[in-house]
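Beneath this line is the structure, given in structure tokens, with notes to follow.
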Amino acid sequence: LNNVTVSPPPVNRATEIPTFLPAQTELPPGSEAAVNALALVLPLNAAGTPATIAEVFRQGCVDALHSVNTSLQLDTYAHSGSSRQAVSAYQNALEDGAQLIIGPMQKNNVNALLKQYPQAPVKTLLLQPVAGNTETPNYYVLTIDIEKEAEALARLISRQTSRVLVISDNSRIAQRQKSAFSKAWTTQKQKPPDYFYIYDPAKDWQKLFNRLRDLSEKEAKETESARPSLLLFSAGNTDFTRRARNFIPQSYPLYAGSIFFSGSDDINFLDNLYIMEMPWFVAAASESIRVFARPEIRLRPALQQRFYALGADACRVAAQSPLWFDGWLMEGASGSL
């Protein structure tokens, strides 16, 4: 495994580094040749959180590749986070013969790269979603995306009931979740969900409780079922979802995205709360995770752990890129890919 961190523009590749023995994988007919050179384009030279996230992502990648029998050569191209440097780092990776590139990681860098290369010169796994439905040949996406989570929850809930109430406030993160959930729900059910907005927390939480309590009593008189047909989705951050669960009658199931989880133990005291979460957290004992996971990573903040899991999956799927065809599936630490 060759793991070299460099900053654009110069890249020194003069030293030969021993590699793992190649995996003896028999590829199906029509598959591509194995990838031998993989590059990471990450903002490791940025300030603050972006650099921390990039480093833990890189560590997840390295640990995952160490856990498998691969001859993959890995190079890391560090940049400051500016679009100019990110594109320059990507170009350096191309010039050095990278056959698959992972990154960039930040939205502005992804947008700049797509402008420079509308069609990727080599397979490129972006770490941010591509806006719109623009055709982007040779680009793939692996990302932590709260909108995608909300869409998945909408599809899941739509299979259980025809009635859902979305609770949100005016925060940007709540509006992103609400919009994504509503779009997916409407596609499934041909009608929008119901909404309840928390404009004034001092008054509106109690109004929500009273409304649901009255509805629950009415339904109990009209039906013999003790289980409410109404499910609820919390579009908001950790504190918002915690308050939603505390102000909603316990009989009503409440669903939320992984943004709720912050590693706090108080989640154990919130009944009838269902969270979309990574296998990294809820299936930590599985062999596919234990084989590479560093125990000390689980002492990090939840967000860093998510990007460690994402880095591990990004490099594991890159190693399997010759197998990417319809029906290919990998159960990863960050989800089903």
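The values are calculated or read from the model by the stated rules, or taken from the named source; none is laboratory data. Keep in mind it's a predicted model, so treat the numbers as computed, not measured. With ideal geometry, Cβ positions are generated from the backbone for all residues, glycine too; neighbour counts draw on all protein chains shown. What goes into the accessible areas is simple: the full protein's heavy atoms, side chains included, and nothing from ligands, DNA or RNA. Shrake-Rupley method; radii C 1.70, N 1.55, O 1.52, S 1.80 Å.
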Close pairs from segment 99-125: first under 14 Å from residue 88 (Cβ atoms), partner among the charged types (D, E, K, R), Cβ under 8 Å, at least 6 apart:
101/123; 112/84
Residue 309, sole failed condition from (1) surrounded by 18 or more Cβ atoms within 10 Å (Cβ to Cβ); (2) of a type outside the set (S, T, N, Q); (3) outside any helix (DSSP H, G or I)
(3)
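To keep it simple, each residue is scored yes or no on (1) open to solvent by less than 60 Å² (accessible area, probe 1.4 Å); (2) part of a helix (DSSP H, G or I); (3) out of contact with any strand residue (DSSP E or B) (no Cβ under 8 Å at 6 or more places or on another chain); (4) more than 19 Å from residue 37 (Cβ to Cβ).
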site	(1), (2), (3), (4)
92	yes, yes, no, no
101	yes, no, no, no
115	no, yes, yes, yes
120	yes, no, no, no
130	yes, no, no, yes
140	no, no, no, no
Set 66, 79: member being surrounded by fewer than 17 Cβ atoms within 10 Å (Cβ to Cβ) and in contact (Cβ under 8 Å) with a residue 40 or more places away in the chain:
66
Please pick out the residue among 168, 162, 216 that is touching a residue at least 40 places away in the same chain (Cβ under 8 Å) and within 19 Å of residue 247 (Cβ to Cβ).
168
When you scan segment 283-299, how many residues do you find that are assigned to a loop (DSSP other than H, G, I, E, B) and within 13 Å of residue 60 (Cα to Cα)?
4
Give the residue that is farthest from the chain's Cα centre (by Cα), with candidates limited to residues of segment 190-221 that are aromatic (Phe, Trp, Tyr) and not in a helix (DSSP H, G or I).
199
